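Enquirer: Take a look at the following structure, please.
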Amino acid sequence: MSTYPCINIHLDTITQNTQHMVSACRAQGISPAGVTKLACATPDVGQAILNGGIQLLADSRIRNLRKIRHLDAQTLLLRLPALSEISEVVKYADISLNSEMATLDALSAEALKQHKTHQVILMHDLGDLREGGFYEEETLALARKAVALPGIELVGLGSNLACYGGVEPTSDNQNQLIALARQIESTFNITLKYISGASSAGLPLMFSGKLPQGINQLRLGASLLMGIGLNDDPIPETRQDTFDLTAEIVEIKIKPSVPVNSTALDAFGNKPDFIDRGLRRRAICAVGKQDVDISQISPKDPNIIVIGGSSDHLILDINDCEPDYQVGSLIDFDLSYGGVLQCMTSEYITKRFI
Ligand SMILES: *Cc1c(COP(=O)(O)O)cnc(C)c1O
């Protein structure tokens, strides 16, 4: 197996970010869930989050939760369970987010079969229009069902924002969630353990001191793993340099910047554009679009210009660079959220834990 391209995962930095977020949240009465999906729930990353003081790990995919089942943590399934995966859900997730009667029925039957109690957080849609009932009557009806069914326990009410509709967490929408939770508690004479207001997108509201009392869980992924939150803005006192990518140069040549008689489409069916910078020193790195969308990576050397790529090749202009790059030299890249996601998912990219 080739060593490069490789994604470098700085585990200590993830632990530091987590420690910082855990104490900032604790000051506001919030105990965060640690979301592992960006790192495909790699156990080392799960453990780095636990080392930062979190006890509940969350992921969208049941096969990711399965990978971390040996860690000393509670597990939360973020994506609504599919009916076709109910037995794994009950097996590998202690808690799941839910919005459908049929799914609650299936979870109940399976939990009885596995002699378990499966915990359920109901999702309510505060306007972002992804998962959850939009009307309070729907969520109340689901709560009635969840309370009545054997084998499952209604433990919370949650909402997801800033994912599809670009709706920001606000005091108003968070208060609406709290009010509905209180209504469920009084109607069914239960106490909800979790009022799960938002993802990392809720942090600016929390830092501004305007997250209402009563919200007691945020589901944090990007903020722990990359130090970013709403709109990908950096979070104060966290670090963003938790992941980077290293690729190897396999060719260096001087070439014109404009192809000779370009008439065809590129490998992806686009009509390519070229800027004529004259004769330039160029490098090819052994990494390509099959690994990562090249718009999601940026060279750490500010003098490198990314000029294009195909499935397996990345073409760089290194004409104005200080270092004397040679064939075999390594080039480091910063990664966006999407870039990390793709690199962690690609089986062609070596994962190096530091
Ligand atoms: C991905 C996800 C999160 C975490 O979002 P971040 O922006 O990474 O903090 C929280 N809740 C749900 C339902 C998610 O799907």
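Enquirer: Rounded to the nearest 500, what is the 222 nm mean residue ellipticity of the chain from helices alone, with -39500 (n - 2.57) per DSSP H run of 4+ residues and division by all residues?
Expert: -8500 deg cm²/dmol
Enquirer: For every other residue with a beta carbon closer than 13 angstrom to the beta carbon of residue 35, add +1 if it is Lys or Arg and -1 if Asp or Glu, then tell me the sum.
Expert: Net local charge, residue 35 excluded: +3.
Enquirer: What does the accessible area per residue of the chain come to in Å², with a 1.4 Å probe and no ligands, DNA or RNA counted?
Expert: For the chain, the solvent-accessible area averages 47 Å² per residue.
Enquirer: If you take every residue apart from residue 301 with its C-beta less than 9 Å away from the C-beta of residue 301, what net charge results, scoring Lys and Arg +1 and Asp and Glu -1? Don't skip to the answer; put the middle values down first.
Expert: Working: positive: 300; negative: 322, 332.
For residues surrounding residue 301, the net value is -1.
Enquirer: Express the relative contact order of the range 53-142 as a whole percentage, based on alpha carbon pairs under 8 Å and six or more residues apart in sequence.
Expert: About 21 percent, as a whole number.
Enquirer: Related question: Enter the accessible area of residue 20 (Å², nearest 10), with the probe set to 1.4 Å and all protein chains included.
Expert: Accessible surface of residue 20 is approximately 40 Å².
Enquirer: A further question follows. Pick from 75, 238, 170 the residue whose mean-square fluctuation is largest in a GNM of the chain, springs joining Cα atoms under 10 Å.
Expert: Per the Cα network of the chain with a 10 Å cutoff, 170 tops the list.
Enquirer: Related question: Treat the range 150-214 as a sphere of radius equal to its Kirkwood radius over Cα pairs and apply Stokes-Einstein at 4 °C in a medium of 1.567 mPa s; give the translational diffusion coefficient in µm²/s, rounded to a whole number. It would help to have the intermediate numbers written out before the result.
Expert: Values: Rh = 12.6 Å.
It diffuses with D of about 103 µm²/s by this estimate.
Enquirer: Could I ask something else about it? How long is the range 21-91 along each principal axis, judged by its Cα atoms, biggest number first, in Å?
Expert: 40, 24, 20
Enquirer: Still on this structure, I have one more. If r is the Cβ-Cβ distance from residue 347 to residue 135 and R0 is 51 Å, what FRET efficiency results, to the nearest 0.05?
Expert: Step by step, r from the Cβ atoms, then E = 0.75.
Enquirer: A follow-up question, please. In a solvent-free Debye calculation with one equal scatterer on each Cα, what is log10 I(q)/I(0) for the range 44-160 at q = 0.22 Å⁻¹, listed in the order of the q values?
Expert: Those come out to -1.20, one per q.
Enquirer: Given labels modelled 7 Å from the Cα in the Cβ direction, how far is it in nm from residue 31 to residue 329?
Expert: Taking the two extended label points, one gets 5.2 nm.
Enquirer: Could you work out which residue, out of 192, 104, 211, moves most in a Gaussian network model of the chain, that is, has the largest mean-square fluctuation with Cα springs under 10 Å?
Expert: Result: 192 has the largest fluctuation of those listed.
Enquirer: Counting only Cα, what are the radius of gyration and maximum Cα-Cα distance Dmax of the range 11-232, in Å?
Expert: That works out to 16.3, 46 Å for Rg and Dmax.
Enquirer: Still on this model: Go through the range 120-135 residue by residue and turn each phi into a ³J(HN,Hα) via Karplus (6.51, -1.76, 1.60, θ = phi - 60°); whole Hz please, and just put x for glycine and proline.
Expert: With the stated coefficients, the range 120-135 comes to 10, 10, 7, 9, 10, 8, 8, x, 6, 6, 9, 8, x, x, 8, 9 Hz.
Enquirer: Grab the Cα-Cα distance for residue 276 and residue 60, subtract it from 0.36 nm times how many residues apart they are, and report the gain in nm with one decimal.
Expert: 73.2 nm
Enquirer: For the range 243-353, with all protein chains present and a 1.4 Å probe, just round the carbon and sulfur fraction of the accessible area to a whole percent.
Expert: 50 percent
Enquirer: Bin width 10 Å, alpha-carbon pairs only: give the P(r) of the range 243-353 as whole percents, running from 0 to the bin holding the largest distance.
Expert: 13, 46, 33, 8, 0
Enquirer: To continue, here is another question. What figure in square angstrom, to the nearest 10, would you give for the accessible area of residue 206 with a 1.4 Å probe?
Expert: Here the residue's solvent-accessible area equals roughly 0 Å².
Enquirer: For the chain, set up a GNM with springs between Cα atoms under 10 Å and report which of 188, 134, 268 has the largest fluctuation.
Expert: 268
Enquirer: Normalised by the residues of the chain, what does the relative contact order come to in percent, with Cα pairs under 8 Å and at least six apart?
Expert: Over the chain, the number comes to 19 percent.
Enquirer: Could I ask something else about it? Excluding the sites themselves, what is the longest stretch of the chain that contains no GluC sites (Glu not before Pro) in a DSSP loop with at most 12 other C-beta atoms within 10 Å? Let's see the in-between values first.
Expert: Values: sites that count: 237, 347.
Between exposed loop sites, the widest span is 1-236.
Enquirer: Calculate the all-directions average of the projected area of the range 230-297's alpha-carbon convex hull, and give it in nm².
Expert: 7.5 nm²
Enquirer: Then there is this: Can you give me the Cα centroid spacing of the range 115-178 and the range 1-53 in angstrom?
Expert: First find each Cα centre; the distance between them is then 26 Å.
Enquirer: A further question on this structure: Given bins 10 angstrom wide, list per bin the percent of all Cα-Cα distances in the range 92-207, short to long.
Expert: Distribution as computed: 15, 46, 30, 9, 0 percent.
The values are calculated or read from the model by the stated rules, or taken from the named source; none is laboratory data. What you see is a predicted model; the values in this text were computed from it and never measured. Quick reminder, even Gly has a Cβ in these numbers, built from the backbone with ideal geometry, and neighbours come from all protein chains shown. Accessible surface areas use protein heavy atoms only, side chains included; no ligands, DNA or RNA. Shrake-Rupley method; radii C 1.70, N 1.55, O 1.52, S 1.80 Å.
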